[in-house]
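Asker: Handing you a structure now.
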Amino acid sequence: MPPGATTVGLSLRPTELLVFGNAKAGTPLMQSIQTVGIDLPLKALVWQDASGTAWLSYNDPAFLARRHGVEGAENMTINAMAAALEAIAGKATATS
């Protein structure tokens, strides 16, 4: 159980929030569209459902781009973020 849940007497299946980012990529994006800062750094949630299956969830950077009105040159950064997340998710969820 995550410590936060146990401190208030509640239970929660295994859940981990992973936070990662790159200031060199994220800062210029925030300089052009400051509201994107609410969604940066990028995050992924690793969680276990009731049947014991582990899942990896994250917001697609293309969704974040639409949410904040990212256009033009900033889209290159969004595309790079999407590729990085996809690669990380692929490695994390690959079966041997």
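Asker: Full-extension gain between Y58 and A89, please, as 0.36 nm times their residue separation minus the C-alpha to C-alpha distance. Intermediate results must be reported in sequence, preceding the final value.
Answerer: Numbers: separation 31, 0.36 × 31 = 11.16 nm, distance 0.91 nm.
Contour length minus Cα-Cα distance gives 10.2 nm.
Asker: Alpha carbons only, please: Rg and Dmax for region 3-93, in angstrom.
Answerer: Reported Rg and Dmax, both Å: 15.6, 49.
Asker: So, in nm, how far is label L45 from label L12 when the simple model puts each one 7 Å beyond its Cα toward the Cβ?
Answerer: Here the answer is 1.0 nm between the modelled labels.
Read the figures in this text as sums done on the coordinates, not as results from a lab. Being a predicted model, the structure only gives us computed values, none of them experimental. Neighbour counts are summed over all protein chains in view; Cβ atoms, including those assigned to glycine, are modelled from backbone coordinates with ideal geometry.
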